Structures are given as C-alpha cells and as structure tokens.
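Enquirer: Following this message is one structure expressed as structure tokens.
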Amino acid sequence: MTSEDPRRRIPRTDHLLAHPGVIEAGQRLSESAIRAVIREAQDAARVGSVAPDEVESLVLDRLAATSGSSLTPVLNATGIVVHTNLGRAPLSTSAAQAIADAAGYVDVEMDLGTGRRSKRGVGARQALLDACPAAEDALVVNNGAGALVLATTAFAFRREVVISRGEFVEIGAGFRLSDLMTSTGAHLREVGTTNRTHLRDYSEAVCDRTGCILKVHPSNFNVSGFTSAVPVAELRPLADEHDVPLIVDVGSGLLHADPAIPDEPSITQALEAGADLVIASGDKLLGGPQAGLILGRSEYVQRLARHPLARAVRCDKLTLAALEGTLTGPEPPVKAYLHADPARLKERTERLAAAVGAPVVAHDGRVGGGGAPEVPLPGWAVRLPETVARDLRLGSPAVVARVHDGACLIDLRCIPEADDERLAAAISHAVQRRGSGRPSGLADDRIQVSAEEGLT
Ligand SMILES: *Cc1c(COP(=O)(O)O)cnc(C)c1O
C-alpha cells in the first residue's frame with residue numbers, strides 16, 4: 001500500500017462510532033449490529049465500490065434504514081386477504097395497542113386484588129366466550145395445529161381417530177394434518193372414500209378403540225361432482241351412543257356465518273350442530289394473532305387444559321393480549337377487506353390509475369389462508385408491466401403485487417385507504433426506474449411472489 005492509496009482515507013471504526021448520528025442509532029440497535037453496518041461500508045470502500053469519503057454517509061443511511069427486526073412491513077396489493085406469506089391477518093389497531101401495552105410486566109397470571117397467582121389468559125377466554133355464546137368454555141393455544149395435537153393426544157393416544165378419507169388435508173408448505181395426528185401416537189381410522197362418506201361408514205368404524213370422532217373442514221380445496229359427507233348433526237347421536245368426543249376442525253376461525261363466504265363453516269354453527277369441541281386458527285378469518293382456539297363443552301376443554309402437553313403449546317402474553325384486543329375492539333382489517341365496498345374500491349383504483357398513468361382492469365381478490373378456495377372477491381386492479389413487480393417489492397414502502405399472466409396487478413382491497421398516496425408514490429418511483437432503463441442488478445427479474453403462493 002503506497003502513501004497515496006485512497007484506502008488509507010477510509011474512516012476508522014472508532015471515528016465512526018463517535019459520530020453523533022451513530023451514537024443516536026445506539027438507542028435502537030445493538031453495538032454488534034452497528035459494527036456490522038460499519039464493517040460492511042468499510043469493506044465496500046476497500047473493494048472500491050464506494051469512495052472513502054462516502055463511507056460516513058453510507059453508514060448513516062444504512063443505520064437509518066435498519067430496524068431491530070429484519071421483518072419488512074409491506075403493502076399487500078395482491079387482493080388476497082389472509083395472505084400466508086405475508087403473516088396472515090394484519091392486526092386491528094386495538095390488537096396492536098394491546099400488544100404494546102402488554103410488552104412490559106403485566107398481570108397475565110396475577111389477581112391484582114389479592115396479589116396472588118391467578119389463571120392465565122382469563123381476559124382472552126372471556127372475550128371468546130362473549131363473542132361465541134354457543135361455547136361453554138374456551139382454551140387458547142399456540143396455533144390450530146397445536147390445538148389439534150393437544151386434542152388428539154389427550155383423547156386418542158394409542159387409540160383411534162375416526163375421520164373421513166375426504167378430509168385428509170395438506171394445509172400448506174407440505175404439512176399434512178394426518179401426519180401431525182399420527183405423530184402424537186394416535187391411529188387414524190379412515191372411513192369412506194375420497195368423494196363419498198356415509199353415516200354407516202362412521203358407525204361401522206366407531207368401537208371401543210375409538211378415542212374421538214374428528215371432522216376436518218377441507219378448507220383449501222373443493223371436491224365437486226358425485227360427493228357426500230356426513231354433517232356434524234348426524235354424527236352427534238353416534239358420539240353419544242359410544243360416549244366419545246366429537247371434534248370439529250373448522251380451520252378459518254369464523255365466529256359466525258358470513259354471507260360473503262357461505263360455504264365457510266363457523267365455530268358457532270359447528271357447536272350448534274352438536275360438536276363437543278371446535279378447533280380453529282386465530283389469524284385467519286377471525287383477523288387476530290396466530291393462535292389455536294378450542295371452544296366447546298367445559299368437561300372436554302378442561303381435560304385439555306389440564307393435560308401436560310397444554311404447557312408445551314400455550315401461547316404468550318402478547319398473543320393473549322392481541323386476541324382479546326381483536327375480539328373487543330373495532331372490526332379487524334380482515335373483515336373490512338373481505339367486505340370492502342366495491343364502489344369505493346373502484347373509485348380508489350381509478351384515482352391510482354390516473355396518478356400513475358396505467359389502465360384499470362377487473363380483478364378478483366381471494367380470501368386466502370386456505371379459506372373459501374374458489375370464492376372470488378370481485379374488484380379491480382391497476383395493470384402495470386410485469387417487470388415492475390420486483391422493484392415494488394424491494395422499494396420503500398415494499399409493495400407486494402399480484403403477478404399474473406404477464407402483468408403486475410395492484411389490487412387495493414387489502415391496502416388501508418390512508419396508504420393510497422404512499423402506494424402511488426412507490427409505484428411512480430418503480431415505474432420511472434424501469435422506464436430509465438436502469439440495468440438490473442440481478443439476473444432473474446422474473447422470480448415472483450405470485451398471488452397463488454399466499455393462498456394456503
Ligand atoms: C389452517 C388450518 C389448520 C392449521 O392451523 P394453524 O393455525 O395454521 O396451525 C388446521 N386445520 C385446518 C382445517 C386449517 O384450515
């Protein structure tokens with residue numbers, strides 16, 4: 001290295017650490033995170049990709065853009081309401097506030113009146129029971145899969161779960177509910193065929209080895225044509241006759257039937273039809289945090305609550321807070337997006353299209369999250385060139401559009417109206433970058449997060 005070597009002018013680490021902007025970032029970021037940013041900028045100068053006198057501003061820019069979590073907030077422009085790859089349900093303001101309030105010490109297991117230990121999660125449990133009067137009791141666990149594991153372990157360890165062959169569901173990312181259940185030591189007693197199962201199939205299978213009868217809502221697919229399934233109400237007498245619990249996994253967590261998605265079963269319907277226990281997720285159509293909800297007869301709920309495995313699938317205080325906030329607060333975003341007013345959606349889409357100079361096309365949104373697979377949610381989209389999608393995802397704010405049929409489609413259904421202007425600015429920016437013929441840094445611009453990705 002000669003004395004004129006420009007690399008000698010790269011600012012030293014201690015010099016950068018003493019910069020007021022870097023010191024200020026220390027209130028948000030750990031020292032090791034800050035040092036990593038500094039090292040990266042110095043390395044960039046060493047290989048000549050930035051000038052030595054640009055290192056300081058690069059460090060400050062990077063620190064400003066770095067947060068404590070690598071999770072990037074995104075605007076969901078796919079039209080898929082419960083987008084699995086985007087964290088399923090966005091929380092309501094009251095649920096988000098409840099999480100912030102519960103972040104420190106909270107009375108999650110203390111009665112402040114007596115100062116003694118109390119039951120965990122009483123508030124969330126009560127909110128569930130108030131929202132679903134058909135249930136005698138409720139238990140909240142980590143997620144829907146956890147609820148299913150707990151129930152099959154408690155009722156069917158080394159015994160049989162009687163289940164229709166048409167209800168063997170793979171819920172996404174290769175996970176099969178049947179594998180989940182057998183992993184607990186339960187034996188599956190499949191009855192019927194893929195397309196047709198009759199009451200006599202169940203009655204021939206239920207015996208003294210039966211641990212429970214399980215119905216699973218085939219939430220992410222439709223079987224049509226020559227089909228038949230046995231409704232919950234018709235299984236009730238069989239469960240009574242053999243004194244085994246009748247459990248229904250409804251999946252999506254609708255508390256009450258929703259006319260917009262008529263084929264999606266609700267927790268209330270399943271309980272009224274005679275289910276002893278109903279299992280559902282908290283972060284699908286209920287619109288809350290990830291959680292497994294178990295509602296139904298007190299005797300059975302309490303058996304699950306007392307089972308040793310319950311401790312392994314319990315949820316944390318933040319989840320309990322968010323669930324209660326979801327149930328007692330204003331309509332969660334998922335409901336609002338599902339029922340978005342078509343006239344208002346159209347108006348907003350036309351305004352966006354005019355702002356960015358692109359056409360409006362008809363576009364169907366989806367429920368997603370494995371729910372109501374074939375139900376379209378009619379609406380509109382702004383149609384952009386497919387190549388813009390990647391720049392949008394990597395922009396600020398990050399925008400995830402639907403990439404379909406050679407186009408990048410912007411559906412406003414799941415965008416809060418207050419974000420319309422930010423979205424328009426992000427699109428204009430991405431379109432301009434494309435228009436300027438800026439060479440793309442990565443080889444494959446067509447790697448896409450397609451809408452279909454997020455459905456299950
Ligand atoms: C989504 C789903 C599950 C799994 O619930 P998680 O909360 O994702 O663990 C189980 N059963 C059905 C029918 C589902 O739709």
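Enquirer: How much of the accessible area of the chain, probe 1.4 Å, is carbon plus sulfur, in whole percent?
Expert: In the chain, the share of accessible area belonging to carbon and sulfur is 52 percent.
Enquirer: Could you pull out every residue, at least 5 positions away or on a different chain, whose amide H is within less than 5 Å of the one on Val191? Hs are placed 1.01 Å off N in the peptide plane, and Pro or chain starts have none.
Expert: When sequence neighbours closer than 5 places are left aside, the close amide H contacts are Ile163, Ser164, Arg165.
Enquirer: Looking at the square roots a ≥ b ≥ c of the eigenvalues of the Cα gyration tensor of region 17-116, which shape do they give, rounded for a/c under 1.5, prolate if a/b is larger than b/c, or oblate?
Expert: Here region 17-116 falls in the oblate category.
Enquirer: For Leu129, what charge total do you get from the other residues with a beta carbon under 12 Å from its beta carbon, if Lys and Arg give +1 and Asp and Glu give -1?
Expert: Result for the neighbourhood of Leu129: -3.
Enquirer: May I pose another question? For region 120-125, in order, what is each residue's ³J(HN,Hα) by Karplus, 6.51 cos²θ - 1.76 cosθ + 1.60 with θ = phi - 60°, in whole Hz (x at glycine and Pro)?
Expert: So the J values, rounded to whole Hz, are 6, x, 5, x, 5, 4.
Enquirer: Okay, helix-only estimate at 222 nm for the chain: each DSSP H run of n ≥ 4 adds -39500 (n - 2.57), divide by all residues, round to 500 deg cm²/dmol; what do you get?
Expert: So the calculated ellipticity at 222 nm is -10500 deg cm²/dmol.
Enquirer: For Val403, which sequence-distant residues (separation of 5 or more, or a different chain) have an amide H within less than 5 Å of its own amide H, given hydrogens modelled in the peptide plane?
Expert: The answer is Leu409, Ala451.
Enquirer: Skip the ligands, DNA and RNA, and give the accessible area per residue of the chain with a 1.4 Å probe, whole Å².
Expert: On the way: 22430 Å² over 456 residues.
Result: 49 Å² of accessible area for each residue.
Enquirer: Which distance in Å, rounded to a whole number, links the C-alpha centroids of region 277-345 and region 211-266?
Expert: Centre-to-centre distance over Cα atoms comes out at 18 Å.
Enquirer: Per-residue accessible area for His339 at 1.4 Å probe radius, Å² rounded to 10?
Expert: About 90 Å², rounded to the nearest 10.
Enquirer: Among all the aspartates and glutamates, which ones have a C-alpha under 17 Å from Lys317's C-alpha, if same-chain residues fewer than 8 places away are not counted?
Expert: Asp101, Asp107, Glu109, Asp111, Asp283
Enquirer: Something else now. First select every other residue whose beta carbon is under 12 angstrom from the beta carbon of Thr184; then total the charges, Lys and Arg +1, Asp and Glu -1.
Expert: Summing Lys/Arg as +1 and Asp/Glu as -1 gives +1.
The values are calculated or read from the model by the stated rules, or taken from the named source; none is laboratory data. Computed from a predicted structure; not experimentally measured. Don't worry about glycine lacking a Cβ; one is built from the backbone with ideal geometry, like all the others, and counts go over all protein chains shown. Protein only, heavy atoms only, side chains kept; ligands, DNA and RNA dropped before computing areas. Shrake-Rupley method; radii C 1.70, N 1.55, O 1.52, S 1.80 Å.
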